[in-house]
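Written below as structure tokens is the structure these notes are about.
The values are calculated or read from the model by the stated rules, or taken from the named source; none is laboratory data. Here the structure is a predicted model, which means the values were calculated and not measured. Quick reminder, even Gly has a Cβ in these numbers, built from the backbone with ideal geometry, and neighbours come from all protein chains shown.
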Amino acid sequence: MKEEISTLLVQNEVEPLDTLELVLRDQSIKTCRAYSCQGASLELACGNPVHLVFTDATLPDGTWRDVLALAAKAPTPIDVIVVARVVDVRLYLEVIESGAFDFITPPFAACDVAHVIRCAADDVLHKRYAQSAPHRMRN
């Protein structure tokens, strides 16, 4: 049975990611929300955290960097996708070089988001499988 992918939207309440959530819902992706780094911390620290995080570039109590650091501390691998309101090549390069899986900007075309989800889900499932696979002793 294929594992159901789940996501966390970490968003600035002032600028909601409602259109992104609609695209995720159309892809049958289970989604929960947090409105700060603190809220994201609570969601990601649980024993069975989400697979993917879509985070606003800026939040009331931090930035995408803080969310990326929280995801790195989670008990299982999580891929982070940073959402910026405008195209910013410098920010894009910084995000990717820092270890985020991807960087997207509105408008959110369903086919583009579906591609990002597919690639990120494959990546995170591979990481989780590798983490849980028993280590084999060398002869």
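Would you confirm, using the coordinates I've provided, whether LEU59 is surrounded by 13 or more Cβ atoms within 10 Å (Cβ to Cβ) and farther than 17 Å from ILE5 by Cβ? Answer is yes for this residue. How many residues does the range 25-46 hold that are at pLDDT below 90 and either surrounded by 14 or more Cβ atoms within 10 Å (Cβ to Cβ) or touching a Phe, Trp or Tyr at 6+ places or on another chain (Cβ under 7 Å) (or both)? Residues in the range 25-46 being at pLDDT below 90 and either surrounded by 14 or more Cβ atoms within 10 Å (Cβ to Cβ) or touching a Phe, Trp or Tyr at 6+ places or on another chain (Cβ under 7 Å) (or both): 1 in total. Residues in the range 3-43 that are of a type outside the set (Asp, Glu), closer than 14 Å to PRO60 by Cβ and part of a loop (DSSP other than H, G, I, E, B): GLN11, ASN12, VAL14, PRO16, TYR35, SER36. Scanning the range 83-134 for residues that are of a type in the set (Ser, Thr, Tyr) and modelled with pLDDT of 95 or more, we see that the one that is surrounded by the most Cβ atoms within 10 Å (Cβ to Cβ) is TYR92.
Take the conditions assigned to a helix (DSSP H, G or I), surrounded by 15 or more Cβ atoms within 10 Å (Cβ to Cβ) and modelled with pLDDT of 95 or more and apply them to LEU68. Does it pass? Yes.
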